[in-house]
1. If packing is taken as the mean number of other Cβ atoms within 10 Å per residue, what is the order of 201-208, 392-399, highest first?
2. Once both axes come from the Cα atoms, what is the angle between helix 17-57 and the longest principal axis of the chain, in degrees from 0 to 90, rounded to 10?
3. Does anyone have the angle between helix 421-440 and the longest principal axis of the chain? Alpha-carbon axes, 0 to 90°, nearest 10?
4. What shape does the range 380-441 have by the C-alpha gyration tensor, where a ≥ b ≥ c are the square roots of the eigenvalues, rounded means a/c under 1.5, and otherwise prolate means a/b greater than b/c and oblate the rest?
5. Tell me the relative contact order for the chain as a rounded percent, counting alpha carbon contacts under 8 Å between residues six or more apart.
6. With n ≥ 4 as the cut-off for DSSP H runs, can you work out [θ] at 222 nm for the chain, using -39500 (n - 2.57) per run divided by the number of residues, rounded to the nearest 500?
7. So what's the gap between the Cα centers of the range 381-430 and the range 75-106, to the nearest angstrom?
8. Specify which residue in the list VAL393, VAL51, GLY188 is farthest towards the positive end of the charge dipole of the chain, using unit charges on the beta carbon of Lys, Arg (+1) and Asp, Glu (-1), about the Cα centre.
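Every number in this text was worked out from the coordinates using simple rules, so none of it is lab data. All values derive from a computational prediction rather than experimental measurement. We place every Cβ from the backbone using ideal geometry, glycine too, and count neighbours over all the protein chains shown.
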Amino acid sequence: MSIATGSSPDAAPGQTPEQEARRRRTVTWVVALSMVGLIFDGYDLVVYGTVVPLFLSDPTQIGPVSPAQAGALGSYALIGVLVGALAAGSVADIIGRRKVMLTAYAWFSIGMGVTALMNSTGGFGLMRFLTGIGVGALVATTGALVAEFAPPGKKNIANAITYAGVPIGSLMAALLAILLLEHIGWRGMFWIGALPIVTLLPLAFLKMPESPAWLASRGRHDEAQRSSERTGVPITTATSLAAADARRAPARERAGFAGLFGRQYVFPTVVLGLMSATGLVLVYLLNTWLPELMGRAGFSTKGSLAFLLVLNGGAAVGALISSRIADRFGPKPVIAASFSIGALAIITLTLDLPLGVLLAFIAVVGLGTSGTQILIYGFVSNYYRNNVRGAGVAWCAGFGRLGGIGGPLIGGFLIAAGLALENIFYVAAGLALFGVLLTLIVPVARRPVEVVTTPVEPSPGVGSGAR
């Protein structure tokens, strides 16, 4: 068996061209499937907002809905996301990422389909909560899986591509509502959200592998080696010195949330959770209230919605660009810079600028808010060791969701209090600067030295599929 050297900048030492090609196929499948899952995730979380006007105006849909009830119905899904994310964190670190992700695909697809059958506000609200549990489980697990398959030097870009699915799904929900809502009704919009059970789930079952790194971290070394052979992904293990340290201090190697809040990680875990919550306050504050705020600034309804499209477009594109920089210089300074740029861009919204310039700054605001949140998920996914990584991402997504719940409430409070438009933007900019402070105080991750074990060439009969 010949040894290929330098076949790829991120190739593991000693990998043959066949192993490297197998690895590339696996990473492509993992990132693509994960991104599509988060597209439907983003669709699920935004589609409700597209049908609220119909519920408010037509009591024959699910019964009479007041504005207060509409707000409550919208919050149920976010509460479900919080519950699902926190529950999935420990579960994924114990039973594996793949099982949780496949279950999440089925869970939120069925939830969307059953929601489409509801005829009462009570039933609709209950299904939004239950569907949110599946969405939260998916958000919490996806980052951990991608981090364990992405090659060194490309982990942040792989994460950014994956989590760009959320703003893409948000855009899809808005565009499909414009094109199809009057033809298929709100039930049809929710049936679209159920499509993963007949499209994404079967593909993921065949092509989504379990992480060799996770299998190795659970002591399942034979399974890890077989997975490594099938996928071409090398197994990363700690040095014998780190293993000896783990034996001397087994409490520090506890899995899931027990390890996450152990002595090594408790402070960064709290700070990272607050970072995520701050980012999501900004994301949901702006996504909920930006059209209304720009409408108060004198723009038409369609013009105000255009700001929302540009905001999410800027988030997706900006996160992809900044993640490449994060792979080179590290995510921490890039996240701090992104929060800072977001704060400055939000302040520019208080100025009297030409429309084209204003839209450009709105795109930059997208980078500094939703785009920063994508970078935070990547930072967290690669911060923790394997046996607490799922819990770490779950904590980031779950605790951070409190910010998602609070963002619309804060915006509503500021508007109801009669604050001037520029003062509301100043508050948002202040939140972004608080995010900078939190980012700067995150400690440097302490990791064991890692050794890469090259996967051996599979014996005849070992398939090259990704599962």
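1. Most protected by this proxy first, the peptides run 392-399, 201-208.
2. 20
3. Tilt relative to the chain: about 10 degrees.
4. Oblate, because a/c is 1.5 or more while a/b does not exceed b/c.
5. 25
6. Calculated mean residue ellipticity at 222 nm is -25500 deg cm²/dmol.
7. 20
8. VAL393
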